[in-house]
Amino acid sequence: MHHHGIDAESLLDRATMPVDEWRLIESRPEGIPLGVSETLFALSNGYLGMRGNPPEGRDSAEHGTFVNGLHETWPIRHAEDAYGLAREGQTIVNAPDAKPMRLYVDDEPLRLASAEVVDYERCLDFREGVLRRRFIWRTPGGKRIRVTSDRMVSLQEKHLAVLSLEVELLDSPAAVTISSQLLNRQDGEDEYCDPATAQGKELDPRRAETLEERVLLPIFQTESEPGRATLAFRCAGSGMTVGCAMANELTVTVPEGEPAPHVGTEQLTEEDTASMVYQVNAPAGTVLRLEKLVAYHSSRHVGGEELAFRCSRTLNRARRVGLRALQDNQREWLERFWERSDVVIHDQPELQQAVRWNIFQLLQASARAEVQGIPAKGMTGTGYGGHYFWDTEIYVLPFLAYTSPAFARSALRFRRNMLEAARARADELAHDGALFPWRTINGQESSAYYAAGTAQYHIDADIVYALMKYVHASGDVDFLLDEGLDLLIDTARFWLSLGFFTRDRSGFQIHSVTGPDEYNTVVNNNLYTNVMAQFNLRAAADVVEQMRAERPQEFEAMVRRHALEEEEVREWREAADRMYIPFDENLGIHPQDDQFLLRKRWKLDDPETGPKRPLLLHYHPLTIYRHQIIKQADVVLALFLQGHRFTEEQKRADYDYYDPLTTGDSTLSAVVQSIIAAELGYGRQAMDFFIRGLYVDLADLHGNTADGVHVASAGGVWQSLVYGFGGFRDHGGRFTIDPRLPEDWSGLTYRLTIHGCRIRVTVRRRTVEVALEEGDHAIGPVTVAGREVVVDREPLTIVIGADSGPGEGADMANT
Ligand code: BGC
């Protein structure tokens, strides 16, 4: 869809969203549409997420607070049932809202939508991990009040959030009331959402289901001490429990010579709400500061009292540390994160800001997700019901593997922990091994529409792809053999049983599957699936052999545990070797599947006959399926993930063929197209697709940022920089760097953590510089612009050959 160029400069209104390399800023109250700003300014640590709702707790598109894994279940009622369809829906729950700290001056409520406000700024600081807002409010009575608030979801203490509200009476005495609350929004407590800005009820399958019944049943409430309250609930369907506690502390500072005013307090704790109200008649110049510590704990089993106990542990510890120190810790934590993860586009502050916002989203989605998954929207919204998809493995995990390997390992362990459920699911569908759910929270398949769900069997190979990527990047062979091997064996068994050898045994085919492209479903021999299954089968056979050689004793135990037969492993290899790879000699391209090229074409860009977009909101699936039209990169994704098995000529032919057919209706597409376009030397298109991915949320390019951040696209942005323009490749653990720097960029710097050490790569117009930035051993060999080098402390500059292609004629110098 490169046909319409996109102009990065005009995407954002810079008067509202000024450029700052380390912060996202909104400089006018409600300068960004409410739902979008709630997503853009959301805070999360991967365990706890809070949308960017203002502390007044009023106007909003969606008040969102999420605890990773906390979900409700409900029976899926198929109008026409069939064997093996998903039985139970899973939906992320809106955890009790602890954001509200309402302000009243002379009993007038502050409400941004109608207030008279000057000097407004709200910003999300990527180095501090704090959301700040400040402005001066002129009350209806004409008094000027400075209002400043901070919010931080702790990266170090995953159960903790820290909020503050400061109110300064600039010129007059006033009666100030602050009401700090916990609210069960899920079941409609308070203004749930503003009808004017709320999402409409129109069809959009990408949104979460609305749960009509009561979800959170109150099970426990307590006020353990002044300013503290805890509410606990149980989800009616899933039985999961959640506890939320707040501890409030108000300090009042009066100008010199003024007597300290009386602080009136009122505390009320009910089943669905808790509030702590402070009332002060304060002289001019007074500063009131409310600090609010908030803790969340959730569980599958334990009751309310235990959750309240855990919350109070978290709050006590946080109080001992103190707000300042908590913020300092956050800054240090982030300093280390950016050292590992920052990507710098030289001299391009606009792009830089957007790049860092995207990388910050990856951090927010994954840092403390631990053995929970990474939802498609992170913890920033309810889009896709809070489900985990292949987005994690293919789009996010490469970033984690090369910047925060420990997070990558956690994400893989999360799948490993689901293996039992995946085995049961394979069994239910009459397959061997394990079949992972296409979308899930609790390990069960939750995709009601099997054609675009369960049929995406490629998820198994995607997980193995991520596993091998992590192992090659980190060198963590222990993890591979201790935990990874189970994944390899069960997925290989699955593929062998899903596909079949043709009658003369000349080929291995896989039928009735859906590839990544959801606009062509239940097809035979989807190229992506076959290529990835081949990779999966080979990886399994290789690792089994590796274990036999390297750990003979453990190998015996493993063979017994899995009842693994030699014959079986031989068959995996044979299936891989004979895997049918569709190729059309006439067109010189890889058909996406057996039927694809036979279908009718639908000219995407024809204003008369072209389809309305996105297709999924305008056409019956059958209308879409009967055309040669695709939602997202499919063959082109295979060209990237398994790039070493395709020739440049094939890549070019495939890319050229599929590009005009690709709607990009999924945000998982542009970033991949950008990488292959860059590889092929299609600089303009590569940039175009990159910009579409980079600004997909910041400029709300798909119109649904209000539902949450497109986390896969954010991961794709990192990959477009590192693999696309940065030219990094790591097939089979062999590292190469062949940069494709965009014409108008002066340089690009990225970091990769490889085998526990960190290297820095700086691409300039004619050179690539590599250096070991952190770690105790050199990294190599790495092939840089065709030269095999070992990367050590002393920076190496490799000259990119002037008129020879990449990989040839490179020259090298020590700098
Ligand atoms: C895409 C899938 C993706 C899902 C969640 C869909 O629109 O087609 O590939 O996994 O969104 O992001």
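Below are the figures for this structure:
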quantity: Cα-based reach from Lys600 at 29 Å (exclusive), listing lysines while leaving out same-chain residues under 8 positions away; calculated: Lys612, Lys631, Lys651
quantity: Convex hull of Cα atoms in the chain, direction-averaged projection (nm²); calculated: 36.3 nm²
quantity: Per-residue [θ]222 nm for the chain (sum of -39500 (n - 2.57) over DSSP H runs n ≥ 4, rounded to 500); calculated: -8500 deg cm²/dmol
quantity: Amide H contacts of Glu518 (H built 1.01 Å from N, under 5 Å, at least 5 apart or other chain); calculated: Lys631, Gln632
quantity: Using θ = phi - 60° and Karplus 6.51 cos²θ - 1.76 cosθ + 1.60, couplings along segment 124-134 (whole Hz; Gly, Pro as x); calculated: 10, 9, 6, 8, 9, x, 10, 9, 10, 9, 8
quantity: Theoretical FRET efficiency, 1/(1+(r/R0)^6), r = Cβ-Cβ of Leu622 and Glu88, R0 22 Å, to 0.05; calculated: 0.20
quantity: Magnitude of the charge dipole, the chain, Cβ model with Lys/Arg +1 and Asp/Glu -1, debye to 20; calculated: 440 debye
quantity: Using alpha-carbon coordinates, inclination of helix 419-428 to the longest axis of the chain, degrees; calculated: 60 degrees
quantity: Area accessible to solvent at Cys244, 1.4 Å probe radius, in Å²; calculated: 0 Å²
quantity: Positive dipole terminus of segment 20-333, leading residue within Gln327, Thr148, Met101 (C-beta point charges); calculated: Gln327
quantity: Segment 636-654 residues near the modelled Phe583 label - backbone nitrogen below 12 Å, point 7 Å along Cα→Cβ; calculated: 645-651
quantity: Check: segment 20-333 dipole with +1 on Lys, Arg Cβ and -1 on Asp, Glu Cβ, in debye; calculated: 860 debye
quantity: FRET efficiency, Asp744 to Glu608 (Cβ-Cβ, R0 41 Å, nearest 0.05); calculated: 0.70
quantity: Separation of alpha-carbon centers, segment 470-497 and segment 391-427, rounded to whole Å; calculated: 11 Å
quantity: DSSP-loop trypsin sites (Lys or Arg not before Pro) across segment 295-332, with at most 14 other Cβ within 10 angstrom; calculated: Arg300
quantity: For segment 84-129, convex hull of alpha carbons as volume per residue, Å³; calculated: 214 Å³
quantity: FRET efficiency for His731 and Thr269, using Cβ-Cβ distance with R0 set to 56 Å, rounded to 0.05; calculated: 0.45
quantity: Of all accessible heavy-atom area on segment 20-333, the percent that carbon and sulfur account for (1.4 Å); calculated: 46 percent
quantity: Euclidean distance of C-alpha centroids, segment 516-558 and segment 655-705, integer Å; calculated: 29 Å
quantity: Label point at Glu574 placed 7 Å out along Cα→Cβ; residues across segment 485-517 whose backbone nitrogen lies under 15 Å; calculated: 496-497, 499-509
quantity: Farthest positive-ward along segment 290-441 dipole, Cα basis, beta-carbon charges - from Leu362, Met418, Ala318; calculated: Ala318
quantity: Compactness relative to 2.2 N^0.38 Å, alpha carbon Rg of segment 20-333; calculated: 1.03
quantity: Dipole in debye (nearest 20) - segment 635-791, about Cα centre, beta carbon charges: Lys, Arg +1; Asp, Glu -1; calculated: 480 debye
quantity: Top positive-direction residue, dipole computed over segment 566-717 with Cβ charges, set Pro611, Thr667, Leu698; calculated: Pro611
quantity: DSSP bridge orientation in the chain - percent antiparallel, rounded to nearest 5; calculated: 95 percent
quantity: Lysines whose Cα lies under 29 Å from that of Lys292, excluding same-chain neighbours fewer than 8 positions away; calculated: Lys99, Lys143, Lys158, Lys377
quantity: Karplus-derived 3J(HN,Hα), 6.51/-1.76/1.60, for each residue of segment 336-351, Hz, glycine and proline x; calculated: 5, 4, 5, 4, 7, 10, 5, 10, 10, 9, 5, 6, 9, x, 5, 5
quantity: Heavy-atom accessible surface of segment 728-798: percent carbon and sulfur, 1.4 Å; calculated: 43 percent
quantity: Environment charge at Tyr83 (Cβ cut-off 14 Å; Lys +1, Arg +1, Asp -1, Glu -1); calculated: -3
quantity: Computed label-point distance, nm, for sites Glu306 and Glu335 using a 7 Å Cα→Cβ extension; calculated: 4.0 nm
quantity: Neighbour-limited loop hits for GluC sites (Glu not before Pro), segment 700-793 (at most 11 other Cβ within 10 Å; DSSP other than H, G, I, E, B); calculated: Glu743
quantity: Where segment 20-333 is the region considered: accessible area per residue in Å², 1.4 Å probe; calculated: 40 Å²
quantity: Accessible solvent surface per residue of segment 715-807, calculated while the other protein chains remain in place, 1.4 angstrom probe, Å²; calculated: 38 Å²
quantity: Inter-label distance, nm, simple model (7 Å from Cα along the C-beta direction), Gln553/Glu225; calculated: 5.3 nm
quantity: Table column - 3J(HN,Hα) (Hz), segment 687-694, Karplus curve with 6.51, -1.76, 1.60, x for Gly and Pro; calculated: 5, 4, 5, 4, 4, 4, x, 4
quantity: Proximal aspartates and glutamates relative to Lys469, as straight alpha-carbon distance under 12 Å, when same-chain residues fewer than 8 apart are discounted; calculated: Glu393, Asp730
quantity: Whole-angstrom gap from segment 248-289 to segment 592-650, using each part's C-alpha centre; calculated: 61 Å
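The values are calculated or read from the model by the stated rules, or taken from the named source; none is laboratory data. Because the structure is predicted, anything quoted here is derived from the model rather than measured. Glycine also receives a Cβ, built like all others from the backbone with ideal geometry; neighbour counts cover every protein chain displayed. Protein only, heavy atoms only, side chains kept; ligands, DNA and RNA dropped before computing areas. Shrake-Rupley method; radii C 1.70, N 1.55, O 1.52, S 1.80 Å.
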